[in-house]
1. Pick out the one residue from Tyr71, Tyr56 that is of a type in the set (Ser, Thr, Tyr) and within 24 Å of the chain's Cα centre (by Cα).
2. Please specify each residue of region 57-75 satisfying the condition of being in contact (Cβ under 8 Å) with a residue 24 or more places away in the chain and surrounded by 14 or more Cβ atoms within 10 Å (Cβ to Cβ).
3. Taking the stated definitions as given, is Asn146 exposed (fewer than 14 other Cβ atoms within 10 Å of the Cβ), at pLDDT 95 or above and of a type outside the set (A, V, I, L, M)?
4. Within the set of pairs 6+ apart or on separate chains, which have a first residue in region 76-91 that is touching a residue at least 40 places away in the same chain (Cβ under 8 Å) and surrounded by fewer than 18 Cβ atoms within 10 Å (Cβ to Cβ), a second that is basic (Lys, Arg) and in a helix (DSSP H, G or I), and C-beta atoms under 9 Å apart?
5. Can you work out which of the residues in region 27-56 that are in contact (Cβ under 8 Å) with a residue 12 or more places away in the chain, more than 30 Å from Leu122 (Cα to Cα) and among the charged types (D, E, K, R) is surrounded by the fewest Cβ atoms within 10 Å (Cβ to Cβ)?
Amino acid sequence: MGINNLFSLLSAGGEVIYPLLGFSVLALTLIIERMSFWLKINNRQPKVVRDALTFYRGNNVVSAIDLLKRYADLPIPRMFLAALALEEATPEEFRLALESQAQAEIPLIKRFQNIFDTIISLSPLLGLLGTVLGLIRSFSSLNLGNVGGSQTVNVTGGISEALVSTATGLVVAIFTLLFANLFRGFYQRQMALIQEYGGELELLYRRSYERGDR
C-alpha cells in the first residue's frame with residue numbers, strides 16, 4: 001500500500017483517527033525509550049553485579065564500591081551503593097537500606113506502564129466511538145424513498161469511517177499491548193533479581209559483621 005493510499009484510508013476514519021494517531025506516536029516513542037532502557041540493563045547489569053559480589057566476597061570492598069560507582073546508572077548497583085555507603089551499620093540497618101533503595105527503584109523500572117495501560121484501554125473505545133459516529137452518519141444520510149448516487153456515497157463513506165476507526169483502534173491497542181507485556185515481564189524479572197542479589201549481599205554482610213570484619 002502506497003503512502004497516498006494509506007493517508008486516504010486514514011482520512012476516511014473520521015475525527016477519532018487524530019487521537020488514535022496521537023496515541024500511536026506516543027506509544028512508539030515510549031516503546032523506543034523503554035527498549036533502550038531495558039537493553040542497557042540486560043546487557044550490562046548482570047556482569048557488573050556478579051563481579052561486585054565476587055569482590056565483596058573476597059573482602060575487597062573498595063574494588064566492589066569503585067565498580068558499582070562506575071555503573072551507578074543501573075538499578076541494582078545503586079541499591080548496593082546505598083547500603084554499602086552506611087558506616088558501621090548493623091545487619092538490620094543494612095537490610096533496611098537495601099529494601100528502601102529497592103522500593104525507590106520501582107517507579108523507575110515501571111515507568112510509563114500506566115500510560116501504556118491507558119492507551120491499551122482507550123484505543124479500542126475510541127475506535128468504537130468512530131464506529132458509532134460513522135454508522136450514525138450513514139443512517140442519517142439514508143432516505144429510503146430516494147436511494148441515489150449521492151446517498152450511496154454518503155452511506156459508504158460513513159461505513160468506511162466506522163470500519164477504519166475500529167481497525168485503527170484495535171491495531172494501536174494490540175501493538176501497545178505486546179510491548180507493554182514484554183516490559184512487564186522485564187520488570188518482574190528485575191524484581192526477582194533485586195531480591196536474589198540483595199539477599200546474597202545481605203547474607204555476605206551479615207557473615208562479615210558476625211566475624212567482626214565490619
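1. Values: Tyr56 fails: within 24 Å of the chain's Cα centre (by Cα).
So the residue among Tyr71, Tyr56 that is of a type in the set (Ser, Thr, Tyr) and within 24 Å of the chain's Cα centre (by Cα) is Tyr71.
2. The answer is Arg57, Tyr71, Leu74, Pro75.
3. On the way: exposed (fewer than 14 other Cβ atoms within 10 Å of the Cβ): yes; at pLDDT 95 or above: no; of a type outside the set (A, V, I, L, M): yes.
No; evaluated as a whole, the condition is false for this residue.
4. These pairs meet every condition: Pro91/Arg206.
5. Lys40
The values are calculated or read from the model by the stated rules, or taken from the named source; none is laboratory data. Keep in mind the model is a prediction, meaning the values are calculated, not measured. Cβ sites come from the backbone with ideal geometry, for glycine too, and all protein chains shown count toward neighbours.
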